[in-house]
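Peer 1: The structure that follows is given in the form of structure tokens.
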Amino acid sequence: MGAALRAPYLRCNAGVVAVKQPRRRLHGMDETAALPAIDTHCPYCSLQCGMGLRPVTGAVPVEVVERPGFPVNLGALCGKGASAAAVLAPGARLTTPLMRPHRGAPLAPVGWEAALDRIAVELSRTAERHGRDAVGVFGGGGLTNEKAYLLGKFARVVLRTSAIDYNGRFCMSSAAAAHSRAFGLDRGMPFPLEDIPRTGCVILVGGNPAETMPPFVRYLRELRENGGTLVVVDPRRTRTAELADLHLAPRPGTDLALALGLLHLVVAEGRTDEEFIAERTTGWPEARAAAMAHWPELVESITGVPVPGLRETVRLFCDAPASMVLTARGPEQQAKGTDTVSAWINLCLATGRAGRPYSGYGCLTGQGNGQGGREHGQKADQLPGYRRIDDPAARRHVAAVWGVDPQSLPGPGRSAYELLESLGREVRALLLCGSNPVVSAPRAGHVAERFAALDFLAVSDVVLSETAATADVVLPVTQWAEETGTMTSLEGRVILRRRAVAPPPGVRSDLEVLHALAARLGHGEGFPVEPEKAFDELRRASAGGPADYAGISYERIAAEDGVFWPCPSAGHPGTPRLFLDRFATPDGRARFVPVQHRPAAEEPDREYPLRLTTGRVLSQYQSGAQTRRVDALNSAAPGPYVELHPRLAERLGVAEGAEVAVVSRRGRAVAPARVTDAIRPDTVFMPFHWAGAGRANTVTNPALDPVSRMPEFKVCAVRLEPVVRAPAP
Ligand SMILES: Nc1nc2c(c(=O)[nH]1)N[C@H]1C(S)=C(S)[C@@H](COP(=O)(O)OP(=O)(O)OC[C@H]3O[C@@H](n4cnc5c(=O)[nH]c(N)nc54)[C@H](O)[C@@H]3O)O[C@H]1N2
Ligand SMILES: Nc1nc2c(c(=O)[nH]1)N[C@H]1C(S)=C(S)[C@@H](COP(=O)(O)OP(=O)(O)OC[C@H]3O[C@@H](n4cnc5c(=O)[nH]c(N)nc54)[C@H](O)[C@@H]3O)O[C@H]1N2
Ligand code: SF4
Ligand SMILES: [Mo]
């Protein structure tokens, strides 16, 4: 494996960037055909593609139509976005609260008042018995800014618990930590997507946007049409790798060594930008020394990427007048993810590829509001506006907006996995909103046990997810098309989702839930149910913070196709491009961080000789809670599988389609084999979208990054065992 030079440029439209539907139906068959479409955005990933929703009659109350005017996707959608309306049908989702009268009893329909009363009573009782930190909150990066903001406020002001975190910790937290370390500010992409085709070379590390963000592929295609080059770093020859000029296929978990090896070559070949280093950075001597310990042959032996591939990458990156590094979950979801991203940032800084037009480092954030969700206070260590909860000035500012004493605000709490680990021990009652950890958390079998050990679990969701199914109370909430709210896309663009249709009877919004619970817990004020009111308060809470939304309003977003933060005042134009004059550090200089390669938390050995990595497929989203309820997506991606190389399959006697068990120190997952030479022979891959026997996270390693507390989803040691079915009796 290793460098496959000049792969042909294949497949960009067919099957990848998919489904365009006309703005207006040509043959409107029902009486609502004349209704105008409402402009909004997709409920799923961080690209937040623009789409139109047109009310129709039938079980599915709207149809998705093209919104060609939104600049990011120009009308293109992937199959998930195009089929998103299916989950609005009453048959696909929850329409009534459910409650378990006592442990062991089945969930049964119940009225809203009884459900809310029960939650309020259980949360207060737990706090009285075990202390306020025994009540926890777990949020999600798919929630709107308004929801994330009020969820954090609910935890800090009503519950006064430090025990709050969210699934974004599993997503881009390593990139966020590295960003803050180097640049003093974390906005995933410091430049708009439209800059990508204008750079000369992109190194895309561990991202597969041809499956995870199909309309994004347009930017890579345009880059190459403009004469730029694309290098993809992925242990698998993915659909995205097939678009590249150069594909490097390292062993999972070795990206840190790879980036250091490239930096070594940059120095050895005299390709550093000394003027940029001197004027705009600090810490180069230490970072340089660390890189010099990673000579190319050593890096080849660690990563499996041949030296010529390393040299070619340096040539493409440095020959171009401007270049970019983009990372996604591949290098980030590692127990050294933060240092790994720092190593890639160091490469950009040493070559003067940051803080300049059409150059820089960016992270492809994942969830719909993966960016905004990490800014407004559902994170354990954070207050709104991307403020630190341990900063006295930040506490004073936010406490003043909330009308509380700064002393009353709790301090930092545990990270997501540590919070899940503490369930039934330190944390005895949990309110979960917008995540399905029983499928998506690492070492998920153990996490499921922790959920079962809780005294009380309340879940608000749109569907009965695997985690909701274990709750004591389940609240059915409104979905994207049924409510208004803002999201912040992977570019840092704050966009507006608009209500297009009324929810079915019996369903309430997350804001109504928080309002009702706060009122029962003695806070009749401060939890608005109108999204715009919540946003206006968020603007004040964020004012003066790193992620400053003060100048952004619903009207402006609508008029301007979104506004890029920071935007400190109504007259400010917003900031599509950051760092062009100075970085957001106190001295305005970017900081090199000296980092060293180290092995994965769990390396292969005799008992577990292979590396497992995990990720996504085009037609399922995350834990699958939503997309597994859509027929069109299920027929395209019906279930889990284990991807393995033909040589490995032959050695183990595994045939295509045969059941195979992936066994680690945490447990075993069973799924059919998919044999392909697109993967390294020493590595196997599983998508993580399914529950049950094929749940990839039964096997994954919860080793955490020391800085970001990101679990090591992308590498653990496993063995494969052919599954021999007993003959039918
Ligand atoms: N269809 C679909 N789209 C999605 C999502 C979804 O669930 N389904 N989820 C959204 C979310 S929340 C996110 S975070 C994004 C994620 O978007 P991506 O990061 O593109 O998705 P992944 O499949 O997790 O990982 C990307 C690639 O990393 C590779 N990889 C694995 N291990 C390593 C490694 O050690 N090093 C390197 N360099 N690469 C490695 C995998 O082979 C995979 O091709 O997608 C978003 N979009
Ligand atoms: N092995 C492995 N595991 C992984 C990853 C990996 O690459 N490999 N990736 C990780 C990453 S990057 C992520 S982001 C996580 C995601 O994993 P999860 O946190 O499980 O993400 P989702 O499946 O999107 O869960 C969101 C839940 O919230 C519900 N929901 C949607 N909108 C709303 C709303 O507005 N309000 C409420 N109350 N509920 C709502 C959905 O129906 C769904 O049940 O998985 C992580 N797990
Ligand atoms: S790429 Fe992401 S935002 Fe766009 S349609 Fe697909 S899931 Fe939705
Ligand atoms: Mo994610």
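The values are calculated or read from the model by the stated rules, or taken from the named source; none is laboratory data. Predicted model, so just to flag it, every value in this text is computed and none were measured. Heads up, the Cβs are rebuilt from the backbone with ideal geometry, glycines too, and the neighbour counts pull from every protein chain shown.
Peer 1: Going by what's in this entry, would ASP461 be described as of a type outside the set (A, V, I, L, M), crowded, with 20+ Cβ neighbours inside 10 Å and within 15 Å of LEU143 (Cβ to Cβ)? Before you say what the answer is, go through the steps one by one.
Peer 2: Working: of a type outside the set (A, V, I, L, M): yes; crowded, with 20+ Cβ neighbours inside 10 Å: yes; within 15 Å of LEU143 (Cβ to Cβ): yes.
Criteria met by ASP461.
Peer 1: Also, quick follow-up: Quick check: anything in the range 397-408 surrounded by 23 or more Cβ atoms within 10 Å (Cβ to Cβ), in the same structural domain as LEU151 (by TED's automatic domain parsing) and in contact with a helix residue (DSSP H, G or I) (Cβ under 9 Å, 6 or more places away or on another chain)?
Peer 2: Yes, that holds for at least one residue.
Peer 1: Among residues belonging to the range 596-618 that are away from ligand 1 (no atom under 16 Å from the Cβ) and in contact (Cβ under 8 Å) with a residue 24 or more places away in the chain, point out the one that is farthest from LEU262 (Cα to Cα). Spell out the reasoning first.
Peer 2: First pass over the range 596-618, keeping only residues away from ligand 1 (no atom under 16 Å from the Cβ): 596, 605-609.
Retained after the next criterion (residues that are in contact (Cβ under 8 Å) with a residue 24 or more places away in the chain): 596, 605, 607-609.
Working: GLN596: 13, ASP605: 28, GLU607: 33, TYR608: 30, PRO609: 28 Å.
Among those that are away from ligand 1 (no atom under 16 Å from the Cβ) and in contact (Cβ under 8 Å) with a residue 24 or more places away in the chain, it is GLU607.
Peer 1: For residues in the range 306-350 being within 18 Å of LEU223 (Cβ to Cβ) and polar (S, T, N, Q), which is nearest to ligand 1 (Cβ to nearest atom)?
Peer 2: THR327
Peer 1: So which residues in the range 238-273 are in contact with a His (Cβ under 6 Å, 6 or more places away or on another chain) and not small (Gly, Ala, Ser), if there are any at all?
Peer 2: Going residue by residue through the range 238-273, those that are in contact with a His (Cβ under 6 Å, 6 or more places away or on another chain) are 241, 256-257, 260-261, 264.
The answer is LEU256, LEU260, HIS264.
Peer 1: Here's a follow-up. Somewhere in the range 682-701, is a residue touching a Pro at 6+ places or on another chain (Cβ under 7 Å), closer than 19 Å to THR338 by Cβ and modelled with pLDDT of 95 or more?
Peer 2: yes
Peer 1: Search the range 435-450 for residues that are in a loop (DSSP other than H, G, I, E, B) and pair each with any residue that is more than 16 Å from ligand 4 (Cβ to nearest atom) and basic (Lys, Arg) when their beta-carbon atoms are under 6 Å apart and the residues are at least 6 apart or on different chains.
Peer 2: From residues that are in a loop (DSSP other than H, G, I, E, B), the pairs are ARG443/ARG666.
Peer 1: Select, from GLY615, GLY562, GLY545, the only residue that is of a type outside the set (S, T, N, Q), modelled with pLDDT of 95 or more, crowded, with 18+ Cβ neighbours inside 10 Å and within 16 Å of ligand 4 (Cβ to nearest atom). Give the derivation first.
Peer 2: Details: GLY562 fails: within 16 Å of ligand 4 (Cβ to nearest atom); GLY545 fails: within 16 Å of ligand 4 (Cβ to nearest atom).
So the residue among GLY615, GLY562, GLY545 that is of a type outside the set (S, T, N, Q), modelled with pLDDT of 95 or more, crowded, with 18+ Cβ neighbours inside 10 Å and within 16 Å of ligand 4 (Cβ to nearest atom) is GLY615.
Peer 1: For GLY445, state whether it is surrounded by fewer than 18 Cβ atoms within 10 Å (Cβ to Cβ), modelled with pLDDT of 95 or more and on the phi > 0 side of the Ramachandran plot.
Peer 2: When the stated conditions are applied, GLY445 does not pass them.
Peer 1: Here is a further query. Can you spot a residue in the range 76-89 that is surrounded by fewer than 23 Cβ atoms within 10 Å (Cβ to Cβ), over 25 Å from the mean Cα position of the chain (by Cα) and within 16 Å of ligand 2 (Cβ to nearest atom)?
Peer 2: yes
Peer 1: While we're looking at this one, here's another question. GLY104 fails exactly one of the following numbered conditions: (1) surrounded by fewer than 19 Cβ atoms within 10 Å (Cβ to Cβ); (2) within 16 Å of ligand 2 (Cβ to nearest atom). What is the number of that condition?
Peer 2: (2)
Peer 1: For LEU383, state whether it is modelled with pLDDT of 95 or more, buried (at least 24 other Cβ atoms within 10 Å of the Cβ) and within 16 Å of ligand 4 (Cβ to nearest atom).
Peer 2: It is false that LEU383 is modelled with pLDDT of 95 or more, buried (at least 24 other Cβ atoms within 10 Å of the Cβ) and within 16 Å of ligand 4 (Cβ to nearest atom).
Peer 1: Another question about this same structure. Just one of (1) within 16 Å of ligand 4 (Cβ to nearest atom); (2) under 30 Å from GLY50 (Cβ atoms) trips up GLN479, so point out which.
Peer 2: Going through the list (1) within 16 Å of ligand 4 (Cβ to nearest atom); (2) under 30 Å from GLY50 (Cβ atoms), GLN479 breaks only (1).
Peer 1: So is GLY206 within 16 Å of ligand 4 (Cβ to nearest atom) and touching a Gly at 6+ places or on another chain (Cβ under 9 Å) or not? Before you say what the answer is, go through the steps one by one.
Peer 2: Details: within 16 Å of ligand 4 (Cβ to nearest atom): yes; touching a Gly at 6+ places or on another chain (Cβ under 9 Å): yes.
So GLY206 fits the description; yes.
Peer 1: Given the residues VAL529, VAL462, which is the only one that is in contact with a Lys or Arg (Cβ under 7 Å, 6 or more places away or on another chain) and either modelled with pLDDT of 95 or more or within 18 Å of ARG629 (Cβ to Cβ) (or both)?
Peer 2: VAL462
Peer 1: Cβ-Cβ distance below 7 Å, separation of 6 or more or different chains: which pairs start in the range 148-167 with a residue that is touching a residue at least 12 places away in the same chain (Cβ under 8 Å) and end on one that is among the basic types (Lys, Arg)?
Peer 2: Once the first residue is touching a residue at least 12 places away in the same chain (Cβ under 8 Å) and sits in the range 148-167, its partners that are among the basic types (Lys, Arg) give LEU159/ARG132; ARG160/ARG132; THR161/ARG132; ALA163/ARG414; ASP165/LYS379; ASP165/ARG414; TYR166/LYS379.
Peer 1: Out of LEU364, LEU316, LEU347, which single residue is more than 16 Å from ligand 4 (Cβ to nearest atom) and crowded, with 24+ Cβ neighbours inside 10 Å?
Peer 2: LEU347
Peer 1: Something else: Give, as residue ranges, the strands (runs of 3 or more DSSP E) completely inside the range 641-729 that count at least 1 residues that are within 20 Å of SER623 (Cβ to Cβ) and basic (Lys, Arg). Steps first, answer last, please.
Peer 2: Numbers: elements: 642-644, 659-663, 668-675, 683-687, 701-704, 716-722.
The qualifying strands (runs of 3 or more DSSP E) are 668-675.
Peer 1: Tell me yes or no: at least one residue of the range 88-105 is of a type in the set (A, V, I, L, M), in contact (Cβ under 8 Å) with a residue 40 or more places away in the chain, within 23 Å of PRO36 (Cβ to Cβ) and away from ligand 4 (no atom under 16 Å from the Cβ).
Peer 2: yes
Peer 1: Out of THR470, THR484, which single residue is more than 30 Å from ARG577 (Cα to Cα) and outside the structural domain of VAL60 (by TED's automatic domain parsing)?
Peer 2: Answer to the check: THR470.
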